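The values are calculated or read from the model by the stated rules, or taken from the named source; none is laboratory data. Not measured: the values here are computed from a predicted model. In this analysis, Cβ positions are derived from the backbone assuming ideal geometry, glycine residues included, and neighbour counts consider all displayed protein chains. Quick note on the areas: whole protein, heavy atoms, side chains included, nothing else; ligands and nucleic acids left out. Shrake-Rupley method; radii C 1.70, N 1.55, O 1.52, S 1.80 Å.
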Amino acid sequence: MSDASSTSLYVVATPIGNLEDLGPRAARLLGEVAVIAAEDTRHTGRLLRHLGLSVPMLSLHEHNEAARVEQLDARLAAGESIALVSDAGTPLISDPGFLLVRELRARGRRIVPVPGACALVAALSAAGLPTDRFTFQGFLPAKGAGRRARLEALAGREETLVFYESPHRIRDTLADLATVLGERRLVLARELTKTFETFLDGSAVELLDRMEADPDQARGEFVAMVAGAPPREEDEASVVEGKALLVALLAEGVGVKQAASVAARVLGGTKKSWYARAQALKDQG
Ligand code: SAM
């Protein structure tokens, strides 16, 4: 759909450090809308000055978001387009905007994403950890007990785990990662797209040692990415159970690939091993 067709709420990603990461479409739309709803108008004011733009702004943050919905809906109804931005990266990703987008979408308003920087995607794209499946957890709970409980609940997950973290808590979080997840491989992306961008790779204890030796490594903004748990071993009982499940599925006419995928989902283990078993059962007739 073209940008010009109707009044819209544009959800515009802004840079996470390097201002060159703001694309031409985002820059054009920021200049064309009637108003920009910004997490912090002073912060966005600096970006607008850099772009040579002067556009009216409204603050939209967690304390006034609910109240802003009616106001912004009325402006859309009056034929004005709006841009939603946060301080950095993609709005709604650990940032305000969810309530506004949910409510306006429910009212049938046109909501248009204008993609760009997002710290978690930038971090994953360069970390060298598996990206075929990952779980983004935003910020972990601030208090130690809550944080460890959340990590314990995630300990068995086989996909890459991704967290946002601030410099105030990075050491405590690494200590809890060491306690709960042990020697797992961790990649810490720091200050992405900025002058001191760094990727640190190692166990949580090794990264804590690096910070001890060089306290600058604990400064700035972080995305922490943790390797998933090793695939669960299949015990004998689940193999027997799985075979019965595969026989039943194959008898129903379900394909080998799909049957393997169901068994892996229900009983754990790899799709590959269930595929081999399903194929063998099919070959046996
Ligand atoms: N909406 C943003 C996005 O799309 O990534 C995230 C906003 S959240 C309030 C801020 C957190 O994102 C920081 O505490 C940090 O964990 C992460 N972050 C943002 N910019 C970053 C950067 N340049 N390098 C590393 N992490 C960053």
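Between segment 185-231 and segment 97-137, the C-alpha centres lie 23 angstrom from each other.
Can you pull the percent of segment 120-226's accessible area that's carbon plus sulfur, 1.4 Å probe, other chains left in place?
Whole-percent figure for carbon plus sulfur exposure: 50.
For Cα pairs less than 8 Å apart in space and 6+ apart in sequence, what is the mean separation divided by the residue count of segment 236-283, i.e. the relative contact order in percent?
Values: 38 pairs, mean separation 18.8, N = 48.
RCO, segment 236-283: 39 percent.
About its Cα centre, the dipole of segment 236-283 is roughly 220 debye, where the only charges are +1 on Lys and Arg Cβ and -1 on Asp and Glu Cβ. Is the shape of the chain rounded, prolate or oblate, going by the alpha carbon gyration tensor and its root eigenvalues a ≥ b ≥ c, with a/c under 1.5 for rounded and a/b larger than b/c for prolate? Judged from the Cα gyration tensor, the chain comes out oblate (a/c at least 1.5, b/c at or above a/b). Figure note: 194, 282, 143 ranked by solvent-accessible area, largest first, 1.4 Å probe, ligands and nucleic acids not counted: 143, 282, 194.
Largest accessible area first, the residues 172, 87 order themselves as 172, 87 under a 1.4 Å probe with ligands, DNA and RNA left out.
At a 10 angstrom cut-off on C-beta neighbours, averaged per residue, how do the peptides 132-142, 55-65 rank from highest to lowest? Display every interim value, and only then the final one.
Numbers: 132-142: 14.1, 55-65: 15.8.
Final packing ranking: 55-65, 132-142.
Estimated at the nearest 10 Å², the accessible area of residue 275 is 100 Å² with a 1.4 Å probe.
Distance between the 7 Å Cα→Cβ label points at residue 257 and residue 152: 4.1 nm. Computed from backbone phi with θ = phi - 60° and the Karplus coefficients 6.51, -1.76 and 1.60, the 3J(HN,Hα) list for segment 125-138 is 5, 10, 7, x, 9, x, 10, 5, 9, 8, 10, 9, 10, x Hz; x is used for glycine and proline. For the chain, with a Gaussian network of springs between Cα atoms less than 10 Å apart, report the residue from 270, 179, 90 with the top mean-square fluctuation. Among 270, 179, 90, the largest GNM mean-square fluctuation belongs to 270.
Here the dipole of segment 114-182 is about 240 debye; that uses its Cα centre as origin and unit charges on the Cβ of Lys and Arg (positive) and Asp and Glu (negative). Note on residue 243: lysines with a C-alpha under 23 Å away, same-chain residues under 8 apart excluded, are 257, 271, 272, 282.
Net length available on complete extension from residue 243 to residue 175 is 20.3 nm, with 0.36 nm assigned per residue and the Cα-Cα distance removed. Farthest towards the positive end of the charge dipole of the chain, among the residues 41, 22, 244, is the Cα of 244, using unit charges on the Cβ of Lys, Arg, Asp and Glu. Angle check, please: helix 170-181 long axis (alpha carbons) against the longest principal axis of the chain (alpha carbons), in degrees 0 to 90, nearest 10. Roughly 20 degrees, rounded to the nearest 10. Against the longest alpha carbon principal axis of the chain, how many degrees, from 0 to 90 and to the nearest 10, is the axis of helix 41-51 turned? Taking Cα atoms only, the helix is inclined about 80 degrees.
Close amide H pairs (under 5 Å, H built 1.01 Å from N) link residue 220 with no residue at least 5 positions away or on another chain.
Taking R0 as 45 Å, what's the FRET efficiency between residue 206 and residue 78 from their Cβ-Cβ distance, rounded to 0.05?
Values: r = 57 Å, r/R0 = 1.27.
According to the calculation, E is roughly 0.20.
Rolling a 1.4 Å probe across all protein chains gives residue 185 an accessible area of roughly 100 Å². Computed over protein heavy atoms with a 1.4 Å probe, the accessible surface of segment 16-171 works out to 50 Å² per residue.
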